Amino acid sequence: MYYVINIILLIVLGLVVGSFNNVCIYRLPRKESIVYPASHCPYCNTRISTKDNIPLLSYFLLKGRCRNCKNKISLQYPVVEFLNAIIYLLLYLKYGFRVQTLVYMALSSALIIIAFIDFKEEIIPNEISLPGIVIGLMISFLVKHISVWDSALGIVTGGGAILFIALIGEWLFKKEAMGGGDIKLAAMIGAFLGWRYTSLSLFFGYLLGALTGIVLIILKMKNRGETIPFGPFIVAGSLIAILIGDKILFWYLGG
Ligand SMILES: [Zn+2]
């Protein structure tokens, strides 16, 4: 019973934080405050009442439209809320109730915000990645699951790997394929995950990015040489590393 209540509370928390993620995804690139004012419809500017602002539920009750102007609400809203809640649940099921789980929950929410902003605006906000590097390193002083040494090495591994690949890419293709935003994002992930899981995150990120790129070129949705934002793939890679990285390393090392 205790277990069931925990899971329900966790899903509710995941949905509420997911709803806040949406606010950040919309407002951070616009340099607006993330706490004030309350949510408004982006079309008619009507303030969204509390009963229409219930994560996931309101979207379906309103059939995906603003109550006032009937314009379509982006599918991004329920998707981000759902994704955030599912990741919280998976983290709890994997790591149980401990500090490491809370740290990974906070990290995952920050990564979801970054992935969606990069996907939509093709920028990775320094407002998250730079404090993220510092906070990740500071946390390593306080917790047991990652050492300070591993966190610092993670920053260097993550940032360094992307910088190295970016330089090679520039030299090969004579144009910028990856930006400073990706370097800072990888350094932030490194600070939280340490060098092993960061390497794994980047490996999966590149794999997913390459596969997606090939599919988009085959479907003629992108031309060869056109770039796609890389942040969402690094984020997906690190979520994979957090959730099943231990199994992959175990398998890979022939354990
Ligand atoms: Zn409206």
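Taken together, the values in this text are just the output of simple stated rules run on the coordinates, not laboratory data. For clarity, every value in this text was computed on a predicted model and none was experimentally measured. Positions of Cβ are generated from backbone atoms using ideal geometry, with glycine treated the same way; all protein chains shown enter the neighbour counts.
Placing +1 at every Lys and Arg Cβ and -1 at every Asp and Glu Cβ, with all other atoms neutral, what dipole size does segment 184-255 have around its Cα centre, in debye to the nearest 20? List each step's numbers first, then the result.
Numbers: 6 positive and 2 negative charges, 32 e Å.
Charge dipole of segment 184-255: 160 debye, to the nearest 20.
Since only Tyr26, Ile73, Ile234 are under comparison, the one whose Cα sits farthest along the positive direction of the charge dipole of the chain, derived from C-beta charges on Lys, Arg, Asp and Glu, is Ile73.
Springs between Cα atoms under 10 Å define the GNM used for the chain, and in it the highest mean-square fluctuation of Tyr59, Tyr88, Tyr36 occurs at Tyr36.
Between Leu163 and Tyr3, the distance separating the two model label sites (each 7 Å from Cα on the Cα→Cβ line) works out to 4.7 nm. Centre-to-centre, using Cα atoms only, segment 218-243 and segment 17-54 are separated by 27 Å. Both radii are taken from the alpha-carbon atoms of segment 124-255; with Rh as the Kirkwood radius, Rg/Rh is 1.01. For segment 182-198, putting each phi into the Karplus relation 6.51 cos²θ - 1.76 cosθ + 1.60 with θ = phi - 60° gives couplings of 5, 4, 5, 4, 5, 5, 5, 4, x, 4, 8, 9, x, 6, 5, 5, 5 Hz, in residue order, rounded to whole numbers and with x for Gly and Pro.
Here the Gaussian network model covers the chain, with springs between Cα atoms less than 10 Å apart; of Ile189, Ile114, Ile139, Ile139 fluctuates the most. Multiplying each eigenvalue of the alpha-carbon gyration tensor of segment 180-255 by 5 and taking the square root yields semi-axes of 25, 16, 8 Å, largest first, rounded to whole angstroms.
State which stretch of the chain is the longest one without any exposed trypsin sites (Lys or Arg not before Pro), exposure meaning a DSSP loop state and at most 16 other Cβ atoms within 10 Å.
Details: sites that count: Lys31, Lys63, Arg67, Lys70, Arg98, Lys144, Lys174, Lys175, Lys220, Lys222, Arg224.
Result, exposed sites excluded: 99-143.
Full extension of the chain between Lys120 and Asn68 gives 16.1 nm of extra length, using 0.36 nm per residue less the Cα-Cα distance. Between Leu130 and Met221, the contour length at 0.36 nm per residue exceeds the alpha carbon distance by 29.5 nm. Segment 159-199 and segment 138-156 have Cα centres spaced 19 Å apart. For Arg65, the residues whose modelled amide H falls within less than 5 Å of its own, excluding neighbours fewer than 5 places apart on the same chain, are Ile73. Each residue of segment 142-150 was assigned a 3J(HN,Hα) from its phi angle through the Karplus expression (A = 6.51, B = -1.76, C = 1.60, θ = phi - 60°), giving 9, 10, 9, 6, 9, 8, 4, 4, 5 Hz with x at Gly and Pro.
Calculated translational diffusion coefficient of the chain (20 °C, 1.002 mPa s; Stokes-Einstein with Kirkwood radius over alpha-carbon pairs) equals 110 µm²/s.
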